[in-house]
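First up is the structure itself, then whatever we jot down about it.
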Amino acid sequence: MLKIAILNCLKANAVCTGEACLGAYRKRSGAFYRYAGAQTELTAFLRCNGCESDPETDPGMLEKLDRLRESGVQALHLGVCTLQNGRECPSITKIVRLAEKRGM
């Protein structure tokens, strides 16, 4: 079974309910379409640690990623809130690179 985590922007936390991401996962729509018919488990929902935090040196973010890896997460999906004016946030890009280095 493929384990999936969803990464969202900390700033979005003020208005995000997670409903859109969870609904897309449940319906296998949007980015989750690729898993139609596959056995998956949504394992985690996490936030970045903010724009002022450098994910590459932030002990909290590194711990989150290590915990995800240890729990068997294999795929990290990004919420729409991780885009800034249609482009991926630089902090999110760093988190994705770190996750890829950890096998996600």
Could you report region 1-46's accessible area per residue, 1.4 Å probe, as an integer in Å²? 61
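What's the extension gain from Lys27 to Val15 if we count 0.36 nm per residue and subtract their Cα-Cα distance?
2.1 nm
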What are the extents of the Cα atoms of the chain along their three principal axes, listed from largest to smallest and rounded to whole Å? 39, 30, 20
CD proxy, 222 nm, the chain: helix-only mean residue ellipticity via -39,500 (n - 2.57) per DSSP H run with n ≥ 4, per residue, nearest 500, stands at -9500 deg cm²/dmol
Taking loop as defined by DSSP and a crowding limit of 11 other beta carbons within 10 Å, which GluC sites (Glu not before Pro) in region 1-100 fit? Glu52
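Given a 1.4 Å probe and every protein chain left where it sits, what share in percent of the accessible area of the chain is carbon and sulfur? Walk me through the intermediate numbers first.
On the way: 3180 of 6180 Å².
Whole-percent figure for carbon plus sulfur exposure: 51.
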Vicinal HN-Hα couplings computed from phi for region 23-29 (Karplus, 6.51 cos²θ - 1.76 cosθ + 1.60; Hz; Gly/Pro x): x, 5, 4, 4, 8, 6, 10
Tell me, which cysteines of the chain are without a disulfide-compatible partner by the Cβ under 4.7 Å rule? Cys16, Cys21, Cys48, Cys51, Cys89
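The values are calculated or read from the model by the stated rules, or taken from the named source; none is laboratory data. Quick caveat, the model's predicted, so the values are computed rather than measured. Cβ: placed from backbone, ideal geometry, glycine included. Neighbour counts: every protein chain shown. These accessible areas exclude ligands, DNA and RNA; they are computed on the full protein's heavy atoms, side chains included. Shrake-Rupley method; radii C 1.70, N 1.55, O 1.52, S 1.80 Å.
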